[in-house]
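Accompanying notes for the structure given below.
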Amino acid sequence: MKKVLVIFHSQEFGNTAACADLIAQGIEQAGNIEVELVNINEVNRVDIRGLAACDGVAIGSPDYGSYVAGTIKQLFDDIYVAGKAGVSVKGKPCVLFMTHGGGGRGLKALKSLAHDFRLLAEPFICQGAPEKGCPAAIEQGRTLGKAVLG
């Protein structure tokens, strides 16, 4: 069975977690795929070997001061260090998502940090909480799921 990680930072309002849930729904709708949701704010670090071994990834962050959350920046730093040790995520299918309270300029940083991944679509961005059953977020996940299944 194929496996996709949905890695995100969420706290306080839970908007990014709500987006992650919708993206996971879309991935599951694409077919027989195991989806693991990882709130990096709760686990602190992601096992990069596990990330390298999965079939696809979605990465999401709130916009904090026109940048990504510190835990998401740490994820990309860990990916860089692991790459130097021969553990690569290069070319892995990926979708990105971001929530914001009115800025949304952190999206540029998120896209730049994700340069090792094969981005499948323009990132999903949501101001505030996503609407219930948000079709754009679900479609983002479905796009990733279809790519993983081939």
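The values are calculated or read from the model by the stated rules, or taken from the named source; none is laboratory data. None of the values given here were measured: they were computed from a predicted structure. Virtual Cβ from ideal backbone geometry, glycine too; neighbours counted across all protein chains shown.
Quick check on Ser61: is it within 15 Å of the chain's Cα centre (by Cα) and not in a helix (DSSP H, G or I)?
On the way: within 15 Å of the chain's Cα centre (by Cα): yes; not in a helix (DSSP H, G or I): yes.
Spelling it out, Ser61 is indeed within 15 Å of the chain's Cα centre (by Cα) and not in a helix (DSSP H, G or I).
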In region 6-31, which residues are farther than 14 Å from Thr143 by Cα, more than 15 Å from the chain's Cα centre (by Cα) and of a type in the set (S, T, N, Q)?
Gln11
Residue pairs meeting the criteria (Cβ under 6 Å; at least 6 apart or on separate chains; first surrounded by fewer than 19 Cβ atoms within 10 Å (Cβ to Cβ), in region 96-123; second of a type in the set (Gly, Ala, Ser)):
Gly103/Ser66; Arg105/Ser66; Arg118/Gly91; Leu120/Ala147
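Listed here are the residues, each with its yes/no results for (1) of a type in the set (Gly, Ala, Ser); (2) modelled with pLDDT of 95 or more.
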| position | (1), (2) |
| --- | --- |
| Val35 | no, yes |
| Ile40 | no, yes |
| Val43 | no, no |
| Gly50 | yes, yes |
| Ser61 | yes, yes |
Arg45: passes all of (1) in contact with a Ser or Thr (Cβ under 9 Å, 6 or more places away or on another chain); (2) farther than 12 Å from Ser10 by Cα; (3) part of a helix (DSSP H, G or I) but (3)
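Could you list all residues from region 64-92 that are of a type in the set (Gly, Ala, Ser), buried (at least 17 other Cβ atoms within 10 Å of the Cβ) and either assigned to a strand (DSSP E or B) or without any contact (Cβ under 8 Å) to a residue 60 or more places away in the chain (or both)? Lay out the reasoning, then the answer.
Filtering region 64-92 down to residues of a type in the set (Gly, Ala, Ser) leaves 65-66, 69-70, 82-83, 85-86, 88, 91.
Pick out the ones that are also buried (at least 17 other Cβ atoms within 10 Å of the Cβ) and you get 69, 82.
Matches in region 64-92: Ala82 only.
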